[in-house]
Amino acid sequence: MRKRNLTKSADDRSVSRRKFLGLTAAAGVGAVAAGVEAAGPVGKGSALFAQAPARAGAARQFAGITINGAMFQHSFSAILKEYVPEFEQKTGMKVNLELQAFPVYNQRADLELSTKGSGYDFLNVTFIYSGRWIGAGWFANLEEFIKDPKLTPPEWDAADFAGGPMVPFKDAKGDRHGFPWLGEVQAMTVAQPDLIEKAGMKLPETYDELMKVLAATNDKEGVKAYVTHKTHHWMWVHFLHGFGGNVFKDPPGNLTPTLDSPAAIQAAEFYANILRNYCPEGVLSYTDDQMVAAQAQGRANISMHTLSWTMPVADPKKSKVADKVAYVMPPAGPKGLFPGVGSHGLGIPIGSRKKEAAWEFIRWALSKETIWRMVKERDYTSPCRPSVLNHPDFKKGMTFNGRDLAVLSLKIFEMAEKGGYMKYRTVPVFPQVGDKINKAIEVVATKQMPAEAAMKQAQAEAIADLKKAGIKIDA
Amino acid sequence: MSTLSQYGAEQGSGVPPRQTRWQVQQRRDLLCGLMPALAVLAVVTLAPAVYLVVTSFTPLNLTLPATAWNFSDPVGNYLSLLRDRRFGNSVWVQFKLSFFTVVLQLLIGLAVAMLLNARTRFVEAVRTTFLIPMVLPPIVVAIIWKVLYTPDISPVHWFLKAIGHPMGAMITSPDYALWSIIIADVWEWFPFTMLMLLAALQMLPDEPLEAARIDGATYWQVFWFVILPLLRPAILVAGLFRLIDSIKAFPLIYILTDGGPGTVTEVTNYYAFVQAFNFSYLGFSSAITVVMVGATFFLSWLVVRMVGTEVEVE
């Protein structure tokens, strides 16, 4: 069973909420004596807190400055907004943080960034737009801030961000233009594993096993065997990789689309078959929320979405199946296992005139202390700092029905970093190609076209669109 | 006196009268008074329209600032449009959507107007309730229909399932998705045509109707040969308004189908939106929009001509 309250699950040696708050406040006023022990993911604390008075003094250099920023609505950004007054008190800065709905934010940010204006000093770097925004030079290179010890003390530990979630925030040279606040991994959520056990089967580990499980359990006890949502360019691509295909030939260097490859056609047919036969009626119009609700209400069994989305299935207040849901590694295809990794971060627009003050805010927002505090106080489940992910308290809190999701997350982060298979998603022209994938999958699933014809059409349209963006396409 | 004599001489000679200094001054003052309003109008409406047309001659892509004033291939976007299968499909979808929504709104609007063409308190109360869909914000209408069309939460689907006739999801069916949009749009806007036709019905003269009845015409004959011809100008105007508005269909498609499944419900302005705001191809999107503006002007001109002819005949 999941330990709902991370603070309560902590043992005596861990940072208690009161102790932690005390330390943070003390750091703010420069009253912490050197040598205060602070166990937990912030490390043994002495190095960090010994420098706290000096840092606090340095932070006051931005007193009186107002910075503006925007993020999309999310539990993280909501908590952050609540914490902002403490930052303002500590630094003397004023922070205007706007929160907008996800699509609204992305469209506004896209337009704002394209003007290279100074309206915002920090912005959310949205995963699927990161290639476009960073590739176009719309976010400042943060290396100079990171390397300057006056702006970034060593204990902030810029290396303490998992490699997979960091990928979208690096340019072609590997320079960082943002840091992630959310790292999410694509896992298989089995809402009712008992249905599979009753059918005399185990949780599927391969595509073949998955199809057998779906066929054996579909409509049993009124439960659909699978559920997904309409963003197929996220939900389908791990199948594409599993069959040996890719979205582009060799991203980010060669962006020739490969949507008509035999593997892509096979993956489209495979996924469309699942959509047609094993999903709830109307699944093609499902949003993420509808997908999760179908699982939480016991109407659908398996999904393969990010953990940050499917966590409510394990929440007893929201779910009828919280006591049995299983989060496991997705099944592997004939060519391997490629679970997706996504991340969102914070960066500084190139047009900002208050970059150093903005960096001060980002450093605070993504510091070990702030992240750990969100985890402890507010059950934040998707941090990207390995020091948090590996901490025993976090692992305890992230154990659901005997399965450790922190370990699962770290493993998938590592797979994505080493395999490099998520590079397709952060190229500047991904939105165009993603749209073609969505349309093609819908066309195949509704039998408007066979998979081969649909994917060939998607390929032709993707090439035409990429040529508009000046992308060089292989003959 | 001299001015009057000059005026008389000019009248007699057929030469246009020369403007007096007062008239010139008056004209100049009027122009000065109008200038601020004209300047605001130019800035608010004409300048963006001109910018739209200018942009359509460039490959403007937000991620590539150098494309902003690149006129090296001014007709490139328009040539791309001719080769673009998805654009062609969007025009066809737009045609189907406009045709069916306008026809159904006129038919239903006319039928309801005929039924409500009475002056009783009950009918007046019913008439008001019929107006509700039209005054709701379009997003609210879209959400209402999203609920009705989603099998998990739709009372319609629950009812049909309960009586043993479960129905598939209309908005994800390639056969019914466009019809789901048409039904919602007709529901939202038939009150508009109803209102216009009801007003026209109440303005009809009594004499032709009474004459037809005295001559022994049946109800249908009166409707077909007397009422309908008299209503034709109002029907044309209502149809024109709805036709132009149907080209602007957006919220229902955005909320209900996202243009899908595939491109079954992707109309032209939705396609322009996707190109501009999802892909950043503002130049290409502007070209689509310019074509749409041209088509709308042409349709308006055509219908206004038809209406004008009708009025002259009348």
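Filtering the stretch B:197-216 down to residues that are in contact with a helix residue (DSSP H, G or I) (Cβ under 7 Å, 6 or more places away or on another chain) and of a type in the set (Gly, Ala, Ser), which residue is nearest to B:Arg127 (Cα to Cα)?
Residue satisfying both the conditions and the ranking: B:Ala200.
Of all the helices (runs of 4 or more DSSP H) wholly in the stretch A:43-104, which have at least 2 residues that are modelled with pLDDT of 95 or more and either closer than 26 Å to A:Arg353 by Cα or in contact with a strand residue (DSSP E or B) (Cβ under 7 Å, 6 or more places away or on another chain) (or both)?
A:75-91
Among the residues of the stretch A:110-123, is any out of contact with any helix residue (DSSP H, G or I) (no Cβ under 7 Å at 6 or more places or on another chain), surrounded by fewer than 16 Cβ atoms within 10 Å (Cβ to Cβ) and closer than 23 Å to A:Thr370 by Cα?
No, the stretch A:110-123 has no match at all.
State yes or no: is A:Leu284 of a type in the set (A, V, I, L, M), in contact (Cβ under 8 Å) with a residue 60 or more places away in the chain and surrounded by fewer than 24 Cβ atoms within 10 Å (Cβ to Cβ)?
When the stated conditions are applied, A:Leu284 does not pass them.
Name the residue that is farthest from B:Leu282 (Cα to Cα), counting only residues in the stretch A:432-471 that are among the β-branched types (Val, Ile, Thr) and facing chain B (nearest Cβ under 7 Å).
A:Thr446
Report the residue count in the stretch B:54-81 for those that are touching a residue at least 60 places away in the same chain (Cβ under 8 Å) and surrounded by fewer than 14 Cβ atoms within 10 Å (Cβ to Cβ).
Looking only at that region, the number is 0.
Which condition number in (1) out of contact with any Leu (no Cβ under 8 Å at 6 or more places or on another chain); (2) closer than 23 Å to B:Gln275 by Cα; (3) modelled with pLDDT under 90 is the one that B:Leu41 fails?
Unmet for B:Leu41, out of (1) out of contact with any Leu (no Cβ under 8 Å at 6 or more places or on another chain); (2) closer than 23 Å to B:Gln275 by Cα; (3) modelled with pLDDT under 90: (2).
Cβ-Cβ under 8 Å, sequence separation 6+ or interchain: first residue in the stretch A:375-388 and under 9 Å from A:Asp160 (Cβ atoms), partner of a type in the set (Lys, Arg). Which pairs?
Qualifying pairs under 8 Å: A:Arg385/A:Lys368; A:Ser387/A:Lys368; A:Val388/A:Lys368.
For residues that are hydroxyl-bearing (Ser, Thr, Tyr) and crowded, with 24+ Cβ neighbours inside 10 Å, tally how many sit in the stretch A:352-379.
1
Report whether or not B:Asp258 is farther than 30 Å from B:Ala66 by Cα and crowded, with 16+ Cβ neighbours inside 10 Å.
Against the criterion (farther than 30 Å from B:Ala66 by Cα and crowded, with 16+ Cβ neighbours inside 10 Å), B:Asp258 qualifies.
Looking only at the stretch A:88-116, filter to residues that are of a type outside the set (D, E, K, R), more than 18 Å from A:Tyr129 (Cα to Cα) and touching a residue at least 60 places away in the same chain (Cβ under 8 Å); which one of those is farthest from the other protein chains (Cβ to nearest Cβ)?
Top of the filtered list is A:Gln89.
Among (1) modelled with pLDDT of 90 or more; (2) surrounded by fewer than 18 Cβ atoms within 10 Å (Cβ to Cβ); (3) small (Gly, Ala, Ser), where does A:Gly163 come up short?
That leaves (1) as the condition not met.
Suppose we keep only residues that are within 14 Å of chain B (Cβ to nearest Cβ), assigned to a loop (DSSP other than H, G, I, E, B) and not aliphatic (A, V, I, L, M) within the stretch A:117-156. Which one would you say is nearest to A:Met235 (Cα to Cα)?
Result: A:Thr126.
Go through the stretch A:178-228 and count every residue that is surrounded by fewer than 17 Cβ atoms within 10 Å (Cβ to Cβ), among the charged types (D, E, K, R) and assigned to a strand (DSSP E or B).
1
Would you please name the residue that is nearest to A:Gln457 (Cα to Cα), looking only at residues in the stretch B:44-84 that are assigned to a helix (DSSP H, G or I) and facing chain A (nearest Cβ under 10 Å)?
Among those residues, the one meeting the criterion is B:Arg83.
Is it true that some residue in the stretch A:256-269 is touching a residue at least 12 places away in the same chain (Cβ under 8 Å), within 13 Å of another protein chain (Cβ to nearest Cβ), within 25 Å of A:His74 (Cα to Cα) and surrounded by 23 or more Cβ atoms within 10 Å (Cβ to Cβ)?
no
Going residue by residue through the stretch B:114-133, is there one that turns out to be farther than 21 Å from B:Met203 by Cβ and touching a Phe, Trp or Tyr at 6+ places or on another chain (Cβ under 7 Å)?
Yes, the stretch B:114-133 has at least one match.
Among the helices (runs of 4 or more DSSP H) lying completely within the stretch B:218-314, list those that include at least 2 residues that are closer than 26 Å to A:Pro103 by Cα and of a type in the set (S, T, N, Q).
Of the helices (runs of 4 or more DSSP H) lying wholly inside the stretch B:218-314, those with at least 2 residues that are closer than 26 Å to A:Pro103 by Cα and of a type in the set (S, T, N, Q) span B:268-273, B:282-313.
Could we say that A:Phe430 is touching a residue at least 12 places away in the same chain (Cβ under 8 Å), out of contact with any Asp or Glu (no Cβ under 8 Å at 6 or more places or on another chain), in the same structural domain as A:Lys249 (by TED's automatic domain parsing) and not small (Gly, Ala, Ser) here?
Answer is yes for this residue.
Please list, ordered by residue number, the helices (runs of 4 or more DSSP H) wholly in the stretch B:113-174 having 2 or more residues that are free of Cβ contacts under 8 Å to residues at least 12 places away in the same chain, surrounded by 11 or more Cβ atoms within 10 Å (Cβ to Cβ) and within 14 Å of chain A (Cβ to nearest Cβ).
In the stretch B:113-174, B:138-149, B:155-162 are the helices (runs of 4 or more DSSP H) which contain 2 or more residues that are free of Cβ contacts under 8 Å to residues at least 12 places away in the same chain, surrounded by 11 or more Cβ atoms within 10 Å (Cβ to Cβ) and within 14 Å of chain A (Cβ to nearest Cβ).
Of the residues that sit in the stretch B:235-284 and are at pLDDT below 90 and at the interface with another protein chain (Cβ under 10 Å from one of its Cβ atoms), which one is nearest to B:Pro151 (Cα to Cα)?
B:Gly260
Rundown of residues vs (1) touching a strand residue (DSSP E or B) at 6+ places or on another chain (Cβ under 9 Å); (2) among the β-branched types (Val, Ile, Thr); (3) under 30 Å from A:Asn273 (Cβ atoms), yes/no style:
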{"position": "A:Val375", "(1), (2), (3)": "no, yes, no"}
{"position": "A:Arg378", "(1), (2), (3)": "no, no, no"}
{"position": "A:Lys418", "(1), (2), (3)": "no, no, no"}
{"position": "A:Glu442", "(1), (2), (3)": "no, no, yes"}
{"position": "A:Ala445", "(1), (2), (3)": "no, no, yes"}
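For the stretch A:287-321: of the residues being in contact (Cβ under 8 Å) with a residue 60 or more places away in the chain, of a type in the set (A, V, I, L, M) and over 21 Å from B:Gly168 (Cβ atoms), which is nearest to the other protein chains (Cβ to nearest Cβ)?
Filtering the stretch A:287-321 for residues that are in contact (Cβ under 8 Å) with a residue 60 or more places away in the chain, of a type in the set (A, V, I, L, M) and over 21 Å from B:Gly168 (Cβ atoms), the one nearest to the other protein chains (Cβ to nearest Cβ) comes out as A:Ala296.
The values are calculated or read from the model by the stated rules, or taken from the named source; none is laboratory data. Remember, it's a predicted structure, so these values are computed and weren't measured experimentally. Methodologically, a virtual Cβ is constructed for each residue, glycine included, from the backbone with ideal geometry; neighbour enumeration extends over all protein chains shown.
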